[in-house]
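First the structure, in the form of structure tokens, and then the observations on it.
What follows draws every value from the coordinates through simple rules; no lab data is involved. Quantities reported herein were computed from a predicted structural model and do not represent experimental measurements. A quick note on method: Cβ atoms are made from the backbone with ideal geometry, for glycine too, and the neighbour counts reach across all protein chains shown.
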Amino acid sequence: MPTRNKITIAIDGYSGTGKSSTAKAVASKLGYIYVDSGAMYRAVTLHFLKNEIDLNDKTQVLNALENIQIDFSYNKDLARYETCLNENNVEESIRGMEVSNYVSAVSAIKAVRDAMIAIQRKLGEAKGVVMDGRDIGTVVFPNADLKFFLTADTKIRAERRQMELKESGNEVSLTDIIKNLEDRDKVDSSREISPLRRAEDAIEIDTTGLSFADQVGLIIDKANETINV
Ligand code: DC
């Protein structure tokens, strides 16, 4: 009988490659905790927007970070974890275009990244975690047991994001979404701190032609190979 040890799985990649839904499904199949690190940067962005924080004012940024508490609460009806900012559920508002258009600038600030990375490492301490983001395999958990890097064609990514937005009642044109994705890819990949890049030991998956089930299946197969030692 093989032993089932708990592992850490890092899933990084571009926006709209299905990272979050894949990571969520993988965590649920393995009975692991799922952490959406992008949601954390989105929650900080929402807080900064609401409080009109000047991103160039270091003191304002540091003070604002001290007043932010981010948690995830489980919504039984929707069977999903939802993001809470200072005990308010912000799951819907962090997905809107206002936050999407501003989040890359906020997540490029070192103080913001340091604060989020500290929370992410704490959440992953006990292992048995699937975390998705941009720098999970490179910076947050460089020793993760398994790392994946997801890519996909930009038009496919935009269509997926448009569908998600539609489901939450937001009609956004494909042109606007493509522009937002391309702008974010550029800022996320070229920023000085923790740029989006594939860790050398990450397994790259191009999800363009893959069904959701195939995508999840690929990761689960690899996870089982690693878990059953
Ligand atoms: O995964 P997402 O699209 O919800 O992420 C929102 C933004 O947060 C993304 O444009 C870049 C940033 N992000 C980051 O810098 N590092 C992470 N680990 C996760 C997200």
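Neighbour counting of Cβ atoms within 10 Å sorts the residues 77, 54, fewest neighbours leading, into 77, 54. Would you please state which residues of region 93-122 a label at residue 66 would reach in this model, taking the label point 7 Å out along Cα→Cβ and a backbone N cut-off of under 14 Å? Correct set: none at all. Residue 153 to residue 55: FRET efficiency via 1/(1 + (r/R0)^6), r the Cβ-Cβ distance, R0 41 Å, to the nearest 0.05? So, using R0 = 41 Å, E works out to roughly 0.80.
Here is the link list: 155/186; 58/179; 24/127; 19/222; 58/110. Which ones come out longer than 19 Å on Cα distance? Violating the 19 Å Cα-Cα cut-off are 58/179.
Helical runs assigned H by DSSP (4 residues or longer) give the chain a calculated mean residue ellipticity at 222 nm of -15000 deg cm²/dmol, each run adding -39500 (n - 2.57) before division by the residue total.
Here, region 52-107 has an Rg and a Dmax of 13.4, 41 Å when only alpha carbons are counted. Counting Cα-Cα pairs of region 84-136 in 10 Å increments starting at 0 gives whole-percent bin shares of 18, 45, 34, 2.
Two numbers describe the Cα atoms of region 138-223: Rg and Dmax, which are 15.0, 40 Å. Are there GluC sites (Glu not before Pro) in region 37-97 that DSSP marks as loop and that have at most 14 other Cβ atoms within 10 Å, and which are they? For GluC sites (Glu not before Pro) across region 37-97 that sit outside H, G, I, E and B with at most 14 neighbouring Cβ atoms in 10 Å, the list reads 52, 87, 92. Please list, in order, the residues from region 118-137 whose amide nitrogen is less than 18 Å from a point placed 7 Å along the Cα→Cβ vector of residue 6. Residues passing the 18 Å test: 119-132. Pairwise Cα distances in the chain exceed 25 Å for 39 percent of all pairs.
Every pair of different Cα atoms in region 100-182 enters the Kirkwood calculation, which places the hydrodynamic radius at 15.0 Å. Helices of the chain meeting both criteria, an alpha-carbon length of 18 angstrom or more along the long axis and an average Kyte-Doolittle score not below -1.0, with helices taken as full DSSP H segments, are 37-50, 110-124, 174-190, 212-227.
By the Kirkwood approach, averaging reciprocal distances over each pair of separate Cα atoms, region 5-81 gets a hydrodynamic radius of 14.7 Å.
I need the peptides 93-100, 132-139 ranked by packing, meaning the mean over residues of other C-beta atoms within 10 angstrom, with the highest value on top. Intermediate values should be presented prior to the final figure.
Numbers: 93-100: 17.6, 132-139: 26.0.
Ranking, from highest mean packing down: 132-139, 93-100.
For region 30-164, the Cα gyration tensor yields ellipsoid semi-axes of 23, 19, 17 Å (square root of five times each eigenvalue, largest first, whole Å).
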